[in-house]
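A quick write-up on the structure given underneath.
The values are calculated or read from the model by the stated rules, or taken from the named source; none is laboratory data. From a predicted model like this one, the values you see are computed outputs, not experimental measurements. All Cβ positions, glycine included, derive from the backbone under ideal geometry; neighbour counts span all protein chains shown.
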Amino acid sequence: MLKIITILVKYIKSYTIYLILFILLLFSSTYKVVKAQNISLIQDAEIELYIRGWVDPILKVAGLSPNSVNIYIVNDKTINAFVAGGQNIFINTGLILAAKEVNALIGVLAHEIGHIAGGHLNRTVNSMKKAQETVTIATILTAGLMAASKAAGLDTPAGLAKLATLGPSIAERNFYKNTRQNEKYADAAAIKYMTSVNRSCIPLTDLLKTLGKQELLHENRQDPYLRTHPISQERIYDIMEATKNISINEQRDLSLDDIKFKRIVAKIVAFTNSPGKTLLLYPKNSSQIDAKYARAIAYLRLPDLEKGIREIKELINLDKNDPFFPEVLGQMLFENGQIFKSIEQLKISSDLLPNNPIILLSLARSQIEYGKSKENNEAILNLKRILKIIPKNIAAWKLLSIAEARNNNINLAQLASAESYFLMGRYSLAIQFAEKAKISFKKNSPSDIRALDIIFFSKEKLAEMNNN
């Protein structure tokens, strides 16, 4: 009996660890995002606004509130999009570049929305737990069978090896069965959503065909249980079958969507590649808006301000109501030390697109950097506007701390620092700055109460961390 228990403990430990590592490998990107935050995010007002404009109607069709779903752009050249940490959609820049057409990108996002609407993230966690339970149960059986075989003199290396893999094999197959069902559900949901908003799924199948060409092995040689997604050919066939009798009447101006998509691609290429490579991809003889846009950014990054400003001003003259051309010019002027001129351009951008947090943050940064009292006070107002929209904007709290300190409002600067440290999870520093700030506040004033809240909740968080 003691020998059976020893075998049992040994195999439970080894197979449980094996399965956990196996599942973490499958979901390594999600794991890093949620646990380690080991990703590089891109924040861009234009890209986020366009994608929001395409995605929000789909979210509504799916019965989800657009305000409850966050979309993040990941600076990663690999082709990927995933849901993690609740209602958060992450899109790699590599996927945007590979999509080629706007409806291909929207189709992938509709698929991810299908995962959210289907509650698949919670189900995946439950599947992982059930898979681990399967390993434990199967290992108990395996240990008993191994002991019985040995007692009967029937143990052979080959036989024991087969028994030893029983637990993981059952667990993996059950786990994959569940994930494959989720993928089929999300594909069906994407078709439903795309049809409801009068968008074609054909570009999505074209993207899947491109991805399918990357498969090295013939599908007949691939074990479908060893894949986290259905084989590309299966997905293409299912989507084409489901949509072949659907008539799409796209009433919107698709050419406008195409222009927006090309601008997004040009911007990503220009900001994530060397200026030289960008200029090769978008040569001088191309007069398209996206080509001019990419060249302008490339020249401004060299820096060749004369050529860059000439290109971007041509775009501004084409459409004086576009907020993003002056935004890019303002950003580049700031990075090249022309602070006051950057403020002028960013004000134009902000006036054209009021209350956009990303543009307001760039404007406030330039105003603080300029160093004059008038601009510093304007920066404080702009930062407070941002924090009304996004109270957890760490960058805004940090800049507000600097701006208040320059106005010699040390207590308000310390309170803003406490806010930023609390949001960063640096609770000891949050307490330290909140305690310093509250010394100068009138008792029971809003600032005093907020400082006390930060102290209380920071101590609570530290206690939780110590208990864990």
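Would you mind telling me which numbered condition in (1) of a type outside the set (F, W, Y); (2) surrounded by fewer than 16 Cβ atoms within 10 Å (Cβ to Cβ); (3) at pLDDT 95 or above A418 fails?
(2)
Given the conditions (1) over 30 Å from the mean Cα position of the chain (by Cα); (2) under 24 Å from L49 (Cβ atoms), report the number of the one that A405 does not fulfil.
Of everything listed in (1) over 30 Å from the mean Cα position of the chain (by Cα); (2) under 24 Å from L49 (Cβ atoms), A405 misses just condition (2).
State all residues of segment 71-118 that are in contact with a helix residue (DSSP H, G or I) (Cβ under 7 Å, 6 or more places away or on another chain), among the acidic types (D, E) and within 27 Å of S255 (Cα to Cα); if no residue qualifies, say none.
Within segment 71-118, E101 is the sole residue that qualifies.
Hey, any hits in segment 122-133 for a residue that's of a type in the set (S, T, N, Q), closer than 21 Å to N182 by Cα and modelled with pLDDT of 85 or more?
no
If you take the residues of segment 303-335 that are outside any helix (DSSP H, G or I) and free of Cβ contacts under 8 Å to residues at least 40 places away in the same chain, which of them is nearest to E369 (Cα to Cα)?
P303
Being loosely packed, with under 13 Cβ neighbours inside 10 Å and modelled with pLDDT of 75 or more is true for just one of K267, K277, K284, K262. Which residue is that?
After applying the criteria, what remains is K284.
Report yes if some residue within segment 60-72 is modelled with pLDDT under 85 and in the same structural domain as L204 (by TED's automatic domain parsing); otherwise report no.
Kept after step one, since they are modelled with pLDDT under 85, are these residues of segment 60-72: none.
No.
Conditions tested, residue by residue: (1) over 30 Å from I454 (Cα atoms); (2) modelled with pLDDT of 95 or more; (3) under 26 Å from the mean Cα position of the chain (by Cα); (4) not aromatic (F, W, Y).
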{"residue": "I316", "(1), (2), (3), (4)": "yes, yes, no, yes"}
{"residue": "P326", "(1), (2), (3), (4)": "yes, yes, no, yes"}
{"residue": "Q331", "(1), (2), (3), (4)": "yes, no, yes, yes"}
{"residue": "G337", "(1), (2), (3), (4)": "yes, no, no, yes"}
{"residue": "I343", "(1), (2), (3), (4)": "yes, yes, no, yes"}
{"residue": "K347", "(1), (2), (3), (4)": "yes, yes, no, yes"}
{"residue": "A364", "(1), (2), (3), (4)": "no, yes, yes, yes"}
{"residue": "K384", "(1), (2), (3), (4)": "no, yes, yes, yes"}
{"residue": "L399", "(1), (2), (3), (4)": "no, yes, yes, yes"}
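Could you run through segment 193-227 and say how many residues are modelled with pLDDT under 80 and either in a loop (DSSP other than H, G, I, E, B) or charged (D, E, K, R) (or both)?
Summing the residues that are modelled with pLDDT under 80 and either in a loop (DSSP other than H, G, I, E, B) or charged (D, E, K, R) (or both) in segment 193-227 gives 12.
Within segment 363-380, is there a residue that is surrounded by 15 or more Cβ atoms within 10 Å (Cβ to Cβ), in contact with a helix residue (DSSP H, G or I) (Cβ under 9 Å, 6 or more places away or on another chain) and closer than 30 Å to L256 by Cα?
For segment 363-380, residues surrounded by 15 or more Cβ atoms within 10 Å (Cβ to Cβ), in contact with a helix residue (DSSP H, G or I) (Cβ under 9 Å, 6 or more places away or on another chain) and closer than 30 Å to L256 by Cα: present.
Considering only segment 365-411, state which residues are closer than 23 Å to G337 by Cβ and outside any helix (DSSP H, G or I).
Those that are closer than 23 Å to G337 by Cβ and outside any helix (DSSP H, G or I): G371, K372.
Can you tell me which residue is nearest to N273 (Cα to Cα) among those in segment 36-57 that are assigned to a helix (DSSP H, G or I) and among the small types (G, A, S)? Walk me through it before giving the result.
In the first step, residues of segment 36-57 are kept if they are assigned to a helix (DSSP H, G or I); the result is 36, 45-57.
Then keep just the ones that are among the small types (G, A, S); that gives 36, 45, 53.
Working: A36: 26, A45: 20, G53: 26 Å.
If we take residues in segment 36-57 being assigned to a helix (DSSP H, G or I) and among the small types (G, A, S), then A45 is nearest to N273 (Cα to Cα).
How many of the residues in segment 434-468 are over 17 Å from I394 (Cβ atoms) and either assigned by TED's automatic domain parsing to the domain that holds A396 or surrounded by 18 or more Cβ atoms within 10 Å (Cβ to Cβ) (or both)?
So the answer is 6.
Looking at (1) farther than 20 Å from I79 by Cα; (2) in a helix (DSSP H, G or I); (3) modelled with pLDDT of 90 or more, which is the only condition Y237 fails?
Of everything listed in (1) farther than 20 Å from I79 by Cα; (2) in a helix (DSSP H, G or I); (3) modelled with pLDDT of 90 or more, Y237 misses just condition (3).
Of everything in segment 336-362, what is out of contact with any helix residue (DSSP H, G or I) (no Cβ under 8 Å at 6 or more places or on another chain) and part of a helix (DSSP H, G or I)? Give them in sequence order.
D351
Here is a check on your reading of the model: is I431 over 30 Å from the mean Cα position of the chain (by Cα), among the β-branched types (V, I, T) and crowded, with 21+ Cβ neighbours inside 10 Å?
Considered against the rule, which asks whether it is over 30 Å from the mean Cα position of the chain (by Cα), among the β-branched types (V, I, T) and crowded, with 21+ Cβ neighbours inside 10 Å, I431 comes out as yes.
Against the conditions (1) closer than 23 Å to I96 by Cβ; (2) at pLDDT below 85, where does Q181 fall short? Just the number, please.
Every condition holds for Q181 apart from (1).
In segment 402-423, what residues are within 25 Å of K459 (Cβ to Cβ) and β-branched (V, I, T)?
Within segment 402-423, just I410 meets the criteria.
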